[in-house]
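Undergrad: Shown below is the structure under consideration.
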Amino acid sequence: MSNVTAIEKFLLLGFSGGRKLQVLHSVIFLAMYLIVLIGNLLIITLVAVNSHLHTPMYFFLVNLSILDLGSTSVIIPKSMANSLMNTTWISYSECVTQMFFFLLFLSSDFYLLTVMAYDRYVAICHPLHYASMMKWSSCLQMAAGAWMGGFLNAALHTSTVFSLPFCSNIIHQFFCEIPHILKITCSSSYLNEVWALLFSTIFSLFCFVFIVMSYAQIITTVLRMPSMANRWKAFTTCIPHITVVSILFGTGMFTYFVPTSNSPYNLDEVLAVLYTVVPPMLNPIIYSMRNKDIKAALWKLLGFTLGKKNEEIPPIHL
């Protein structure tokens, strides 16, 4: 225990390198972050201004967009600022805050996707009871439950990790991520966090099994439909959700269960980008590509905006 150090700052070495590489990293992250901002803010705006989108499915979609905006905003701006200012430091309090809010948004994201699977299950398997089972009070309670679950999970891990003694302050990642922070704790002191990770893993697996079972029921119901058009309509409402769950769960599980590497090719950092930035960037695209309601709302908003601009320009009389 003689190597235990009182930490005031951490050194984030993710994507560190020459000045040109740091600028390139900033430019790439800026482009990805702008896509996340524009896409998710557009989804929130479209749902807010169109009354026919005020349904449980789009209510949950707005919550998903808010969570995606939050999860990227707590890590990307800090990483870009460090690269532009040619520094790698993050204070102890900033690291604690970053980990807490990132886990809050990421965990709530997954729990909300579980709720959205239930929404699709009720809509397809029990359409006559949808209005009574998915009342606004029930939707608010389920969304609040997802946020509360994320809060408790974030509080559990953040308090456990930062109660451990650290033997170093060098984090080989571009943000304060649990696996890499555990690597700098004293080797005999992280068993409490292992139990916390085990608890979260079991709970996440229950959510995943619930999603799989929901879609098993959905597929069974859809295959019994006599009309091919109704089958296709039901499948198209589920495809975006299945795609988002697959991307988030697949990349997240791969990152947290594959041992961190010492590869010089920034493999861990690339994997972190896959589950922190790529899903929030793709979610608006996935949910809008085959969604006629979103497309119609977008064209309506664009038409309204262009119409307003045309009204402001006085006609020219020759």
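Undergrad: Let me cross-check TRP136: its accessible surface, 1.4 Å probe, with only protein heavy atoms counted, in Å² to the nearest 10?
TA: Looks like 120 Å² after rounding.
Undergrad: To the nearest 10 Å², what's ILE44's accessible area with a 1.4 Å probe?
TA: We get 40 Å² for ILE44.
Undergrad: If the chain between PHE151 and ILE38 were fully stretched, how many nm would it gain, using 0.36 nm times the residue separation less the Cα-Cα distance?
TA: 38.1 nm
Undergrad: So how much slack lies between THR45 and TRP195, counting 0.36 nm per residue of separation and subtracting their Cα-Cα distance, in nm? Intermediate values should be presented prior to the final figure.
TA: On the way: separation 150, 0.36 × 150 = 54.00 nm, distance 4.10 nm.
Length difference between fully extended and current span is 49.9 nm.
Undergrad: Additional query: Hey, if we sort ILE294, ILE28 by accessible area with the 1.4 Å probe, largest down, what's the order?
TA: ILE28, ILE294
Undergrad: For the peptides 267-278, 233-244, what is the packing order when you average, over each peptide's residues, the other Cβ atoms within 10 Å and list the highest mean first?
TA: Descending packing order for the listed peptides: 267-278, 233-244.
Undergrad: Further question on the same structure: So if I place +1 on the C-beta of Lys and Arg and -1 on the C-beta of Asp and Glu, and nothing else carries charge, what would the dipole magnitude of the chain be about its Cα centre? I want it in debye, nearest 20.
TA: With only Lys, Arg, Asp and Glu charged at Cβ, the dipole is about 840 debye.
Undergrad: For a quick protection proxy, order the peptides 216-228, 170-182, 63-75 by their average other-Cβ count within 10 Å, most packed first.
TA: Highest to lowest by the protection proxy: 63-75, 170-182, 216-228.
Undergrad: Let me ask something else. Students often get this wrong: which residues of the range 136-156 have the backbone nitrogen under 19 Å from the point 7 angstrom along Cα-to-C-beta of GLN217?
TA: 136, 138-143, 146
Undergrad: Short version: ³J(HN,Hα) in whole Hz for each residue of the range 139-148, in order, from phi by Karplus 6.51 cos²θ - 1.76 cosθ + 1.60 (θ = phi - 60°), x for Gly and Pro, what are they?
TA: 5, 4, 5, 5, 5, 5, x, 5, 5, 5
The values are calculated or read from the model by the stated rules, or taken from the named source; none is laboratory data. Computed from a prediction, not measured in an experiment: that's the story for all the values here. Methodologically, a virtual Cβ is constructed for each residue, glycine included, from the backbone with ideal geometry; neighbour enumeration extends over all protein chains shown. When the accessible area is computed, the model is the full protein with side chains, heavy atoms only, and any ligands, DNA or RNA have been set aside. Shrake-Rupley method; radii C 1.70, N 1.55, O 1.52, S 1.80 Å.
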